[in-house]
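Below is one structure, written out as structure tokens; comments come after it.
The values are calculated or read from the model by the stated rules, or taken from the named source; none is laboratory data. These figures come from a predicted structure and were not determined experimentally. Cβ placement follows ideal geometry from the backbone for every residue including glycine, while neighbour counts extend to all protein chains displayed.
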Amino acid sequence: MKHYLVLLSYLIFSCGVVTAQTQKAKPKWNSATEALLHITVTDFKNIPQANELLLLMGAQSGKKYTATCNKAGKCDVVVLRGDVYEVSVQAIGDDQQKTNVTIPPGPDGEVEADLNIQFELPMKITLTNVLFESGKAVLQASSFKSLNELALFMKRKVSMEIRIEGYTDDVGEEQANKILSQNRAETVKKYLVGKGIAAIRIAALGKGEDEPVASNDTEAGRKENRRTEVHIVNR
């Protein structure tokens, strides 16, 4: 499942051109070697997305830039000219989509560009890296990175409320699996609360072996069915 679609509008302004953008206060940058990106993030209804965290990685220079959008979904980033930048919106889970933006080395004078990104988090995200010890509600250490990222995301999105849903395969008694999945969902909730997220923003629900996404007849299918999902209740 893709997290967002990127629409790019790339415009170059040379020195001396007066536009609405150039009239507002701009960060300082070296116009001989750098360019100024004006980035706007909206959802698919063109509603600004506040507090989105952006990451830009230069393919040639290796330079890394980060920026956080304001309440209007806007931010400015100064980058080196003559590079191709991989741009991503930091979301939840490991299915994050990216786009490339090419900043040419010239022309002489100031170089500015508009980058418009449409982004909308899906209502359901599977945390594929959140794993538990077999038959227990104890998180494996490999789960912490994904859960820490989720906690940081929720700290930026202060109105977001979620429901954690836990699932098992069909090995064992159905009721025992239901209880295990509930305990695992509660464990994830407890971890997030420990990272500073208010408990009232997180619901936990164990679904047991209900709603399998793969066949339980194979180990690969059972592994896929043992999963933790994040459902967005309120954005």
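Observations, loosely collected:
- V101 meets the conditions (1) surrounded by fewer than 16 Cβ atoms within 10 Å (Cβ to Cβ); (2) more than 30 Å from N234 (Cα to Cα) in every case but one. The failed one is (1).
- Any chance V193 is of a type outside the set (G, A, S), outside any loop (DSSP other than H, G, I, E, B) and surrounded by 15 or more Cβ atoms within 10 Å (Cβ to Cβ): yes
- Residue in the stretch 25-40 that is farthest from the chain's Cα centre (by Cα), counting only those that are over 15 Å from C75 (Cα atoms) and among the small types (G, A, S): A32
- Selection within the stretch 41-92 - more than 16 Å from the chain's Cα centre (by Cα), under 21 Å from V158 (Cα atoms) and surrounded by 18 or more Cβ atoms within 10 Å (Cβ to Cβ): C75
- Strands (runs of 3 or more DSSP E) wholly inside the stretch 27-111 containing at least 3 residues that are in contact with a Ser or Thr (Cβ under 9 Å, 6 or more places away or on another chain) and on the phi < 0 side of the Ramachandran plot: 53-58, 74-80, 83-89
- Hey, K136 part of a loop (DSSP other than H, G, I, E, B) and closer than 26 Å to T218 by Cβ or not: yes
- Every condition in (1) under 17 Å from Q49 (Cβ atoms); (2) touching a Leu at 6+ places or on another chain (Cβ under 7 Å); (3) charged (D, E, K, R) holds for E120 except the one numbered (2).
- D114, sole failed condition from (1) of a type in the set (D, E, K, R); (2) surrounded by fewer than 17 Cβ atoms within 10 Å (Cβ to Cβ); (3) within 29 Å of S146 (Cβ to Cβ): (3)
- Residues satisfying the stated conditions in the stretch 164-177, i.e. surrounded by fewer than 17 Cβ atoms within 10 Å (Cβ to Cβ) and either assigned by TED's automatic domain parsing to the domain that holds K71 or not acidic (D, E) (or both): V171, G172, Q175, A176
- Any hit, the stretch 107-114, residues being out of contact with any Cys (no Cβ under 8 Å at 6 or more places or on another chain), closer than 30 Å to P48 by Cβ and at pLDDT 90 or above: no
- Boolean, G82 is more than 22 Å from K64 (Cβ to Cβ), free of Cβ contacts under 8 Å to residues at least 60 places away in the same chain and not charged (D, E, K, R): no
- Flag if E52 is touching a helix residue (DSSP H, G or I) at 6+ places or on another chain (Cβ under 9 Å) and farther than 23 Å from E149 by Cα: no
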